[in-house]
Structure formats: C-alpha cells, structure tokens
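Below is one structure, written out as structure tokens; the observations come after it.
The values are calculated or read from the model by the stated rules, or taken from the named source; none is laboratory data. Remember, it's a predicted structure, so these values are computed and weren't measured experimentally. Because the Cβ atoms are built from the backbone with ideal geometry, glycine has one as well, and the counts that use them run over all protein chains shown. Note: areas computed on protein heavy atoms with side chains; ligands, DNA, RNA excluded. Shrake-Rupley method; radii C 1.70, N 1.55, O 1.52, S 1.80 Å.
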Amino acid sequence: MSTINHAKASEKFIQDEPRTDWHDETLWFVRQKRDKAAHQIPDWESLRDSASNIKDHTLSNLDAYLTQFEKKATQNNIKVHWAADAKEHNEIIYSIIRDNNIKKVVKSKSMLTEECHLNPYLLERGIDVVDTDLGERIVQFREEAPSHIVLPAIHLKKEDVSNTFHQHLGTEKGNYDPQYLTEAARNHLREKFVHSQLAITGVNFAIAETGAIVVCTNEGNADLGVHAADIHVACMGIEKIIPSTQHLAVFLRLLARSATGQPITTYSSHFNKPGTGKQMHIVLVDNGRTKQLANPDFKNSLKCIRCAACFNTCPVYRRSGGHSYHTAVAGPIGAILSPNLDREANADLPFASTLCGSCTNVCPVKIDIHQQLWKWRQTLMKEGYGGASKKLSMQAMAMVLSKPALYRFLGSAGRLTMRLFPWLLNNKKFNPWYKQRDMPAAPKQSFRDWYKNNKA
Amino acid sequence: MSSRETILKAISNNRSALIPLENADIAIASNSDNLLEKFTAVLTSIGGQVEVIESIDPVNDYLYKIAGKDNRIVNVFLGDVVGNTTEAGELENVFVACIAGGIAVAENGAVWVDESMMVNRMLPFICQHLVLVIKDGNLVANMHEAYGKIDTVATGYGVFIAGPSKTADIEQSLVIGAHGPRSLKVFIM
C-alpha cells in the first residue's frame, strides 16, 4: 500500500467544512460554465466523436506521426530530443541550460515537468526556475504542488494568497483584493520575463504535418517568456501529437469550453520556427506512455487533452481536493494514469471514486474514465495492491450476497441496530463512513417486505 | 539503443492495428449568417471591444486618446516598427500597440496574427493595450473555416488572440490584465 493514501489525505482537507463547501461549489460552478458553453455548439457531440477518432487514429499510428513530426520540426530549425523517462527529460533540459551558461529560467504551465519533478531537480543544481502562471507562482511560493491541472491554486482562498504575497512580494498585509494581488504578481513577473534567458513551456498540441507546436494560455505568460528569452524548450508527452493543422480546429473548439467554459483561451500560440538568432528545442517524453499503450483496457487514457472537465464534475475530487491524490495529475484522469506510473504508490487512487460516470460524460475526447477506474480496481486487487481490509470486506460481502436468508437476517438486524443503538454507528471509531456525514434514518421495513405488502 | 529507437520500437510493438481517420469536417457544418454580430457579441463577452469603421481615422483617435501625450504608441499598421529587439528597455515602455490582424473567428472572438503582421513577436504581449485592425471580409464562422484559410506556417510564429490577457487564479475572481495587455480593441474596416 502507498504511504500516503487518498482517504487519509482527504481527512485533512475536509476538516475545514466551509472551505470544503466553497471548493465543491466553485468547481461545480466551473462545470456549469462548461455545460453552458457546450450547449451553445450544436455540433458538440460530433466534435467529441471527431476528437476521439483523431486521437484513436493517432495512437494507432503514433510511431509514424512522431517521426514525421521530428523530420518537419528539424527542417524548421528546431532541435528534437527523445527522453525515455523523467530522469532523461530532466537531464536533457539541464544540459541545455548548462551548455548555454544559463542563469535565469522561466516556465509556463507544464504538467509534464510536474510529473518529472523538474523544478526540484534543477534547484539541486543551482537553477531556480520561476513559474510564471499566476496560480503556479502562488503554489511555488508556498512550496506546494498545484492541486488542479488548470486551476493550480484552487485549494487556496484570497486570504492565503494575500499572506503569501505579503511574505514574498511585500504586498500590503490584509489586502485581499484579487485585482491588487494580480497587479503585484504582474509587476513581479514582468521583471522576470524581460530578464529571462531560457523559457520552458508545455505543449497542448504538436502537429505531425508541419512540425509546429501549439500552446494555450489566458495570461500570455508562455509567449512573454518565450519571446523574451534566447532559448525555448518545449516539453511534451509523446501522446500530444495530432496529424494535421485542420485537426486543431476540432481540439481548440473543445479544449477551453470543456476546461473553463470559455469559447477559446485568450492565446493559442503556434510556434513553427525559432525567432531570428534564437534556439528552440522540443523534448519528446515517454515516461510510461508506451507501456500504457500496450494495455487495451487503459491505452485510451492517452487521448487526454488535460482540460480537467473530469476534475470539476467529480463529486470525490470536489470534496477531497487535489492534494489528496498525491500525484502531478489529480482527479479521475489522474487516478487512471497514475497507477501505470507506479502501482505501489498509486493503488489507492482508482478507489477514490463513486463510479458515477460523470467524468466519462463530460470528457471531450470520450475516454471511458469510470470504466477504467473499475478495471484498475480489478487489476490492483488481483495483483495484491488492494490491502487486507478491502479484500476481507469484499469476501464477507460476497458471502452475504450469495445467501438470501442470511442477507435478509442481517438487513433486519442492521435496521434494528440503527433504531435502537444509533451510537454504535454514529461513532467515528467503529464506523469511518460517519466521519463528516450523518447517518440516514433507518427504514422500518426492507424493500422486499414493503413490496410483499403493497403488491396489489 | 538510443531512447529514440527504444521509444519508437516500443510504440510499434504495443500499438493497436491502424484505426482509420474519419473525415472530421463532414459532420461539422458552418453557419455563416450574422458573422459580425456574433463576433462582436462573443468578443465583448470575453472582455474585448469591437468597433466598425469606414476609415482609419477613428483608430488614430483611439490610440492618442488612450496613450495620452506622454506614452509610447507603436503602430505597425501605419509603418512604425520596433524591429526584432527583445531588449527590455526597448519594449517595456510600449503603451499601446496597433497591429493589422488576419482571419477573425465569429464563434470564439479570436483574431489570427502572425509574425509578418506583428513584426516583433513580443509586441502584442508586452504592450499595455493592444489594438487590432481587420477587414470585414476576414470574418469566418468557426475554427474549421479559419484553418482552411490560414497558412499557419507561412511565418515562424502565429497566434489566435481572443480578448485581453486575463486570469482567475485567485479564488476564481476574473482579473483583466494578467501579464499581457490590459485591453484589446478590434477595429473592423
């Protein structure tokens, strides 16, 4: 079993009930904005079908598209690197920094660099990377990880941000105005942009046909960083490839609407060639992706475009917070990607779900997320990662469910206990379910008895 | 074996049989009625401004109005250039930049701007206020039509810009003017 586990970590998050409610309601509001945006597009479902097909097709021809992309990008004066794992990814970036004698590095949002733990790797080597996305800069100051892949600081309140900025940027103590705090970050980061020597970005889409990459932001931080610096290093998982420019239309119509309910992000930047006298590098990273590709049950998780619609809709994510997932990518999609990276450490995550299927319904590329959660549970139990208590309780339940008389007896005994001895169940020690919940009123009879009495 | 070979070999061993690519455009029809109204409504809803003009005069009036007499205007559209410099001092004091835009998309309020139009890649991001001037014939219904008309690799860099720079990273409160321009105005001629 993992050392940190989702249920245990959530306990800390839900201690503050008003904050948990705020988190829950705010993300649900983002989900509603997504619905409103999606409903304005009559072709929405055809778009999802298209996006899913383009990704399925690309994954079935991935080696050919990657080599095509490499050839085109190289022709465009871009240096393409290949990294088998996180370690190699980090080494490649460090060698570019070292060979060019770089001191000042800025980075826009890239979940891949989080997955590879690039920042601590570079910090150990004396390079202090400045994260330039506002939410990421906030959590970086606080020495925390992002809790959401699109809204990195969604676990924080403006009072937290204000205290953090007071400490690091010298803003007025007790000034909680988001406009004022954003302005302070703007001035701080603009100074970092104009002096940066090397800019790291993620990649939203890489186009095999042209060798170009597309990066989407609202703040403009990726562009400010890249255009100011002499060297641009873009890091991407190998699954970010799409065949041609025309396909961007499908994905850019879906991405921001699914993520935040915006019609498109403010900036959709197409990097084709380095600027005059500058360098551009692209690092293609495997880190477990080819292993996921080999598994028919889980391979289509690689279709993910990181919109986080599944986070915002998930009743478990909304009420347990991103840090409870203890991985770079949290939420339902993280719960099906992470066990592939490390079975032992992430075996708890597929169990952090109600299997309600809402994630699957909002996914713009039609990943069967809840089905994969359920399949991961079976795989993990079979491989012995489920833990003893889960195994025992499942065996007990199988026994009870296979014996109707015993099931009926235990049902009536349970109802009687709830009525006569509620303290037995309303007790956090004996009944972990009772934590942060109220027990329902016990019905007087079972459905079976009710049905027998009321059958006309 | 290099990582490149290892990765490519692992993919060819692990991938499924080829899944055919369906024609993405067939099911997605475009509605090209009222493009100007749609574009204006969408861009306004995401914090941008739109004005339809007959001559270039209102653009100049607007630039001088927001820049005042002390702030720097870079009007690429009328021939001002800042070259390829990325020197902080050279660009940081650009108060308002005016650039000719390309294709504009009614469905999402985005305007295409490539390197030939902006001259300096930094310009549309470092300026405090951005003005784009487009022709009304540039309007298209959606992104499929836009990519049909744009040669995205004609220059080294191009970007769809939809509204001013913004963030909601502090408690989901929308703040206009994150790192880039604090306002965007699109003039349609």
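Taken over region B:18-34, the criterion of being of a type in the set (A, V, I, L, M) and at pLDDT 95 or above is satisfied by B:Leu18, B:Ile19. Kindly establish whether A:Thr313 is within 12 Å of another protein chain (Cβ to nearest Cβ) and more than 30 Å from A:Asn100 (Cα to Cα). Criteria not met by A:Thr313. Return yes when B:Ile170 is in contact (Cβ under 8 Å) with a residue 24 or more places away in the chain, at the interface with chain A (Cβ under 8 Å from one of its Cβ atoms) and crowded, with 24+ Cβ neighbours inside 10 Å and no when it is not. It is false that B:Ile170 is in contact (Cβ under 8 Å) with a residue 24 or more places away in the chain, at the interface with chain A (Cβ under 8 Å from one of its Cβ atoms) and crowded, with 24+ Cβ neighbours inside 10 Å. For the residues A:Glu159, A:Glu183, the requirement of being under 23 Å from A:Asp16 (Cα atoms) and either open to solvent by 20 Å² or more (accessible area, probe 1.4 Å) or of a type in the set (A, V, I, L, M) (or both) singles out A:Glu159.
For region A:263-286, filtered to residues that are part of a loop (DSSP other than H, G, I, E, B) and surrounded by fewer than 22 Cβ atoms within 10 Å (Cβ to Cβ), the residue that is nearest to the other protein chains (Cβ to nearest Cβ) is A:Lys273. Scanning region A:74-130 for residues that are acidic (Asp, Glu) and touching a Ser or Thr at 6+ places or on another chain (Cβ under 7 Å) yields a count of 1. Checked against (1) open to solvent by less than 10 Å² (accessible area, probe 1.4 Å); (2) modelled with pLDDT of 95 or more; (3) over 29 Å from A:Ser52 (Cα atoms), A:Phe193 passes all but condition (2). If the condition is being among the aliphatic types (A, V, I, L, M) and touching a Phe, Trp or Tyr at 6+ places or on another chain (Cβ under 9 Å), then region A:289-309 contributes only A:Ile305. In region A:44-60, which residue that is without any contact (Cβ under 8 Å) to a residue 60 or more places away in the chain and not small (Gly, Ala, Ser) is nearest to the other protein chains (Cβ to nearest Cβ)? Among those residues, the one meeting the criterion is A:Asn53. Scan region A:108-134 for residues that are touching a strand residue (DSSP E or B) at 6+ places or on another chain (Cβ under 8 Å), open to solvent by 10 Å² or more (accessible area, probe 1.4 Å), outside any helix (DSSP H, G or I) and at pLDDT 95 or above and jot them down. Matches in region A:108-134: A:Ile127, A:Val130, A:Asp133.
Each row is one residue, and each column tells you yes or no for (1) within 30 Å of A:Ser320 (Cβ to Cβ); (2) of a type outside the set (Asp, Glu); (3) open to solvent by 100 Å² or more (accessible area, probe 1.4 Å).
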residue: A:Ala398; (1), (2), (3): yes, yes, no
residue: A:Ala405; (1), (2), (3): no, yes, no
residue: A:Pro432; (1), (2), (3): yes, yes, no
residue: A:Ser446; (1), (2), (3): no, yes, no
residue: A:Asp449; (1), (2), (3): no, no, no
residue: A:Lys452; (1), (2), (3): no, yes, yes
residue: A:Lys455; (1), (2), (3): no, yes, yes
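Across region B:50-62, not a single residue is classified as within 14 Å of chain A (Cβ to nearest Cβ) and either part of a helix (DSSP H, G or I) or modelled with pLDDT of 85 or more (or both). Counting just the residues of region A:229-240 that are facing chain B (nearest Cβ under 9 Å) and open to solvent by less than 10 Å² (accessible area, probe 1.4 Å), which one comes out farthest from A:Ile264 (Cα to Cα)? Result: A:Ala229.
Here is the figure for region B:100-110: residues that are open to solvent by less than 10 Å² (accessible area, probe 1.4 Å), within 9 Å of chain A (Cβ to nearest Cβ) and either of a type in the set (S, T, N, Q) or not in a strand (DSSP E or B) (or both) total 2. Residue check: is A:Asn295 over 19 Å from the mean Cα position of the chain (by Cα), of a type outside the set (Gly, Ala, Ser), in a loop (DSSP other than H, G, I, E, B) and more than 7 Å from every other protein chain (Cβ to nearest Cβ)? Taking the combined requirement at face value, the residue satisfies it.
Screening B:Gly163 on (1) of a type in the set (Gly, Ala, Ser); (2) within 23 Å of A:Pro152 (Cβ to Cβ); (3) in contact with a strand residue (DSSP E or B) (Cβ under 7 Å, 6 or more places away or on another chain); (4) open to solvent by 30 Å² or more (accessible area, probe 1.4 Å) shows it passes everything except condition (4).
Among the residues of region B:130-152, those that are open to solvent by 10 Å² or more (accessible area, probe 1.4 Å), within 14 Å of chain A (Cβ to nearest Cβ) and either out of contact with any Ser or Thr (no Cβ under 7 Å at 6 or more places or on another chain) or closer than 20 Å to B:Glu51 by Cβ (or both) comprise B:Gly148, B:Lys149, B:Ile150, B:Asp151.
Taking the options A:Thr379, A:Thr327, name whichever one is open to solvent by 10 Å² or more (accessible area, probe 1.4 Å), more than 14 Å from the chain's Cα centre (by Cα) and of a type in the set (Ser, Thr, Tyr).
Among A:Thr379, A:Thr327, only A:Thr379 is open to solvent by 10 Å² or more (accessible area, probe 1.4 Å), more than 14 Å from the chain's Cα centre (by Cα) and of a type in the set (Ser, Thr, Tyr).
Return a yes/no flag: does region A:115-125 have any residue that is closer than 24 Å to A:Thr26 by Cα and of a type in the set (Ser, Thr, Tyr). No, there is no match, as no residue in region A:115-125 is closer than 24 Å to A:Thr26 by Cα and of a type in the set (Ser, Thr, Tyr). The residue of region A:188-226 that is nearest to A:Lys303 (Cα to Cα), among those that are over 23 Å from the mean Cα position of the chain (by Cα) and among the polar types (S, T, N, Q), is A:Thr210. In region A:27-43, the residue that is nearest to B:Ile19 (Cα to Cα) out of those that are within 11 Å of another protein chain (Cβ to nearest Cβ) and open to solvent by less than 20 Å² (accessible area, probe 1.4 Å) is A:Ile41. Being open to solvent by less than 20 Å² (accessible area, probe 1.4 Å) and modelled with pLDDT under 95 is a description that does not apply to B:Asn93.
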